[in-house]
Amino acid sequence: MQRTSVWQYLKLALGSALLAATAACSPITLLNTLTPEDTFALSEGIAYGDDPRQTLDVYTPRPAVTDAPVVVFFYGGSWNSGSRSDYKFVGEALASRGIVAVVADYRLYPQVRYPAFLQDGARAVAWTHANIRQFSGDPRKLYLMGHSSGAYNAAMLALDPTLLAAVGLSPKDLRGWIGLAGPYDFLPIENPEVKPVFFFPDSPPESQPINHISAQAPPALLMAASKDKLVDPLRNSAGLARKLREAGVPVQDLYFSRTRHTTLVATLSRPLRWLGPVLDQVTAFVRDTPVNEHAR
């Protein structure tokens with residue numbers, strides 16, 4: 001057997017072992033256990049509001065950097081589950097590429113419904129914009145990023161200007177945004193867990209990112225699993241990308257065959273990066289997106 005074939009076999013075997021192990025324990029716990037801690041300095045549980053869920057963690061790259069780009073990350077969980085502590089592997093991945101990562105909690109259903117969790121996201125972005133220089137980040141290089149329902153949060157904050165306006169900011173203050181397997185056009189709602197979050201059957205049309213397209217939207221990088229069974233990539237990522245292009249907004253949309261809905265974000269972890277170049281694409285997008293002259 002050739003050496004390359006051996007390596008390919010070992011990667012597949014490792015991936016299969018990891019995926020099998022996740023059946024016996026939490027996948028996120030396993031990924032975080034395998035995450036190194038020498039690439040970042042972690043500042044935990046910083047409040048951006050008064051509610052216990054209005055807190056965030058900051059991952060500052062190590063060795064020290066100056067004026068680094070900043071990514072605020074929102075996790076998924078159908079707006080009714082999730083914790084910032086579950087996403088150490090995301091913070092480490094971004095910090096290892098010289099990016100200051102902010103992983104934010106936000107209030108969930110049933111405590112709140114739409115649009116309260118988006119208002120939390122806006123407050124987390126405002127806190128980051130005002131304070132990130134203390135953590136070696138440059139607020140003029142500010143990006144939003146999310147997975148699944150977190151990608152929806154990032155999309156709404158980037159596309160609906162009223163959300164950031166409420167905290168004294170604008171989509172022009174963002175250099176770009178990144179969506180992983182995001183639901184951007186999902187009415188009428190079929191998922192029973194999501195229906196009450198958006199007041200089904202009276203879900204407001206303005207809750208949909210695809211209804212907020214304008215030429216002023218920041219550049220976007222949309223990635224999805226080509227065989228995603230939970231969030232249709234053709235309707236959501238491809239559909240949003242098409243509308244953004246029609247409006248003249250710079251957008252890339254990429255689709256990966258080895259990943260599924262959940263493993264798309266898991267490719268940011270070191271053991272599963274072979275499943276798809278998600279981290280490389282994020283790094284290139286953050287590095288190559290032109291400076292927004294209007295950013296503050």
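Every number in this text was worked out from the coordinates using simple rules, so none of it is lab data. None of the values given here were measured: they were computed from a predicted structure. Cβ: placed from backbone, ideal geometry, glycine included. Neighbour counts: every protein chain shown.
Which condition does THR283 not pass, out of (1) more than 16 Å from the chain's Cα centre (by Cα); (2) outside any loop (DSSP other than H, G, I, E, B); (3) touching a residue at least 60 places away in the same chain (Cβ under 8 Å), if it passes all the others?
(1)
Give me a count of the residues in segment 141-163 that are of a type outside the set (S, T, N, Q) and surrounded by fewer than 24 Cβ atoms within 10 Å (Cβ to Cβ).
Counting residues in segment 141-163 that are of a type outside the set (S, T, N, Q) and surrounded by fewer than 24 Cβ atoms within 10 Å (Cβ to Cβ) gives 4.
Across segment 243-280, which residue is nearest to ILE210 (Cα to Cα) among those that are without any contact (Cβ under 8 Å) to a residue 60 or more places away in the chain and over 19 Å from the mean Cα position of the chain (by Cα)?
Looking at residues that are without any contact (Cβ under 8 Å) to a residue 60 or more places away in the chain and over 19 Å from the mean Cα position of the chain (by Cα), I get LYS243.
So for segment 157-177 (the condition being touching a residue at least 12 places away in the same chain (Cβ under 8 Å) and under 21 Å from THR263 (Cα atoms)), does at least one residue qualify?
The answer is yes, given that some residue of segment 157-177 is touching a residue at least 12 places away in the same chain (Cβ under 8 Å) and under 21 Å from THR263 (Cα atoms).
Pick from segment 42-87 the residues that are in a loop (DSSP other than H, G, I, E, B) and free of Cβ contacts under 8 Å to residues at least 24 places away in the same chain: which of them is nearest to THR262 (Cα to Cα)?
Once the filter is applied, the top-ranked residue is SER83.
How many residues, within segment 152-175, are more than 21 Å from LEU187 (Cβ to Cβ) and among the small types (Gly, Ala, Ser)?
Final tally of qualifying residues: 4.
Please determine, by comparing only the residues of segment 31-56 that are small (Gly, Ala, Ser) and in contact with an Asp or Glu (Cβ under 8 Å, 6 or more places away or on another chain), which one is nearest to LEU272 (Cα to Cα).
Ranking the qualifying residues of segment 31-56, first place goes to SER43.
For segment 217-224, does any single residue satisfy the condition of being assigned to a loop (DSSP other than H, G, I, E, B) and under 25 Å from LEU108 (Cα atoms)?
no
When you look at LEU244, is it under 22 Å from LEU169 (Cβ atoms) and either among the acidic types (Asp, Glu) or in a helix (DSSP H, G or I) (or both), yes or no?
Taking the combined requirement at face value, the residue satisfies it.
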